[in-house]
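Asker: Pasting a structure here, questions to come.
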Amino acid sequence: MSEKTTKRLIVGNWKMNPSSFKEAEKLFIEITKLISHIKKTDIIVCPPFLYIEKLKKLSRKIQLGAQDSFWENGGAYTGEVSSEMLYNTGIKYVILGHSERRQMGENNNFINKKIKGALASGLIPILCVGESERDLEHNYFNFVKTQLLECLNGISKNSISKVIIAYEPIWAISSTKDRKDAKPEDCKEMTIFIRKILSDKFGSESSRVKIIYGGSVNDKDAELFLKDGGINGLLPGKASLDPKKFSKIIEICETLNK
Ligand code: PEP
């Protein structure tokens, strides 16, 4: 399956926003209205855990995802939410290894366990990888390679097509101080590299893995990234909190899917 024939997806990461369910509901309903005509794009919204169950009842078109999950299914793990609990709530996707969680201490070994837990529970993990800077010696390729190999260690060839990879260069994410804009070429060279690593490790099954891009994507540059970034979709953070911008990104994706 090539990047051209795969159905594209747009994943909105709400992060720790908004601050009440009332606001979350309003935002979600506005998005739902604006995307009612969309048919060919998979739309996923990842709100805070607390809002998931109620939002799920408000739209059949928008699929819900979580922003993290724990690897054990139950027990003495204060504060954690398991993949199994999410699956039983009707969730299909979970973002794992986001750079903001890595900054709080999450490492590749933790993320690897979470990916295995998510797959075992029937969830589709969206594994985030990405370097904090682009050095002239190109060490950032090795950095991303290590993230991929350690996070996907022990995942079988049969399961790899169920994993989505999100390339999110930290230097381009909106929450990074003095961030810089990434270009579709930056994204394309990394997606080619990621595909090579996956192919070396998992063989032909890896061609079915979807790779998406996130890093301050908005309604102005979404088309360029989708056309020239070598990707199967986008993961907007900040822009997913603005119904007009988020729905415009989805609209752009839909047009390219035709
Ligand atoms: C993210 O952190 O997942 C992200 C892509 O955020 P933003 O679009 O706000 O940079």
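Asker: Give all pairs with beta carbons closer than 7 Å in which a residue from region 212-238 that is among the aromatic types (Phe, Trp, Tyr) meets a residue that is more than 11 Å from the ligand (Cβ to nearest atom) and in a helix (DSSP H, G or I); count only pairs at least 6 apart in sequence or on separate chains.
Answerer: From residues that are among the aromatic types (Phe, Trp, Tyr), the pairs are TYR213/CYS187; TYR213/PHE225; PHE225/PRO184; PHE225/CYS187.
Yes or no, residue by residue, for (1) of a type outside the set (Ser, Thr, Tyr); (2) surrounded by 15 or more Cβ atoms within 10 Å (Cβ to Cβ):
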residue: MET16; (1), (2): yes, no
residue: SER19; (1), (2): no, no
residue: LYS33; (1), (2): yes, no
residue: SER36; (1), (2): no, no
residue: ASP42; (1), (2): yes, yes
residue: PRO47; (1), (2): yes, yes
residue: LYS54; (1), (2): yes, no
residue: LYS57; (1), (2): yes, no
residue: ILE62; (1), (2): yes, yes
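Asker: Given GLY65, GLY105, which one is out of contact with any Ser or Thr (no Cβ under 9 Å at 6 or more places or on another chain), closer than 30 Å to LYS177 by Cβ and part of a loop (DSSP other than H, G, I, E, B)?
Answerer: GLY105
Asker: Those residues that are crowded, with 16+ Cβ neighbours inside 10 Å and either farther than 21 Å from GLY117 by Cβ or modelled with pLDDT under 95 (or both), I need them from region 144-175; list them, please.
Answerer: Hits for region 144-175 are VAL144, LYS145, TYR167, GLU168, PRO169, ILE170, TRP171, ALA172, ILE173.
Asker: Those residues that are assigned to a loop (DSSP other than H, G, I, E, B), in contact with a helix residue (DSSP H, G or I) (Cβ under 8 Å, 6 or more places away or on another chain) and not charged (D, E, K, R), I need them from region 130-147; list them, please.
Answerer: Answer for region 130-147, where residues must be assigned to a loop (DSSP other than H, G, I, E, B), in contact with a helix residue (DSSP H, G or I) (Cβ under 8 Å, 6 or more places away or on another chain) and not charged (D, E, K, R): GLY130, SER132.
Asker: While we're here: Using the structure shown, decide if GLU150 is farther than 18 Å from CYS253 by Cα, more than 15 Å from the ligand (Cβ to nearest atom), over 15 Å from the mean Cα position of the chain (by Cα) and charged (D, E, K, R).
Answerer: yes
Asker: Now for a different question. Which residue out of LYS188, LYS258, LYS201 is away from the ligand (no atom under 14 Å from the Cβ), within 18 Å of the chain's Cα centre (by Cα) and basic (Lys, Arg)?
Answerer: Selected residue: LYS188, the only one of LYS188, LYS258, LYS201 that is away from the ligand (no atom under 14 Å from the Cβ), within 18 Å of the chain's Cα centre (by Cα) and basic (Lys, Arg).
Asker: Here are GLU25, GLU100: which of them is within 16 Å of the ligand (Cβ to nearest atom), among the acidic types (Asp, Glu), assigned to a helix (DSSP H, G or I) and surrounded by fewer than 21 Cβ atoms within 10 Å (Cβ to Cβ)?
Answerer: After applying the criteria, what remains is GLU100.
The values are calculated or read from the model by the stated rules, or taken from the named source; none is laboratory data. Note that this is a predicted model, so its numbers are computed, not measured. Every residue, glycine as well, gets a Cβ built from its backbone with ideal geometry; the counts of neighbours run over all protein chains shown.
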